[in-house]
Amino acid sequence: MIRWLIALLLLASSTSVLALNIQKDNLYPKVELDTSMGKIVVELDRSRAPITVDNFLTYVVRGDYDNTIFHRIIKDFVVQGGGYDPQLKPLPEDKPIFNESGNGLSNALGTIGMARETDPYTATRQFYFNVADNTKLDPSLNVGAMPFLVKSLKGWRCCRRWPKCQPAPMPPCNGKMCH
């Protein structure tokens, strides 16, 4: 009985520390997203948004973004994905994370952030690309949105094409860590 309790405790705690072991000494880890419109490589800013970056990396390393779609595509605003499968079925989420907006990062054109609901502390697995300067989402008296990208290194043009090409949802994408 004690063995089962220990095994369950280890299993439950393993997912929360998974991201901490992913390039833990790298303040700017890179992730490659392979989409139907091309590959995108992004560099994340763990120095300013450690909780948000570790949350995103946990989903990437577990393969949770594989075969997901971009379900929300709004011209001159955002392209959002990571939360639904191709049949628009919602995917399992981990616990919501702390909102790290106010960290000096901005929702400028080309940045990536974690999507949330109206409540500022509801971000889980969905992320968005800013396809316009969305500084109106930056922190104000209300808690802002959660950017965590330093820069898009490769493939940014495909994000800019999405709102022009197809209505949501887009075909599936996959994410992986770059080394």
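We did not get these values from a lab; they are worked out from the coordinates using the rules stated. Bear in mind the structure is a predicted one, so any value in this text is a computation, not a measurement. As a convention, Cβ positions derive from the backbone with ideal geometry for all residues, glycine included, and neighbour counts pool all protein chains shown.
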Subject >> Cα-based Rg of the stretch 38-85 normalised by 2.2 N^0.38 Å, two decimals >> reply: 1.27
Subject >> Where only C-alpha atoms are counted, convex hull volume of the stretch 77-135 per residue in Å³ >> reply: 87 Å³
**OP:** Add +1 for every Lys or Arg and -1 for every Asp or Glu among the other residues with Cβ under 13 Å from the Cβ of residue 123, and state the total.
**Re:** -3
**OP:** Mind giving me the nanometre distance, one decimal, between the label points for residue 30 and residue 122, set 7 Å out from Cα along Cα→Cβ?
**Re:** 3.6 nm
**OP:** Calculate the tail of P(r) for the stretch 22-107: the fraction of all Cα-Cα distances greater than 21 Å, expressed in %.
**Re:** 37 percent
**OP:** Please work out how much length the chain gains when fully extended from residue 76 to residue 138, using 0.36 nm per residue of separation minus the C-alpha to C-alpha distance, in nm with one decimal.
**Re:** 20.7 nm
Subject >> Average silhouette area of the stretch 58-110, convex hull of alpha-carbon atoms, in square nanometres >> reply: 5.0 nm²
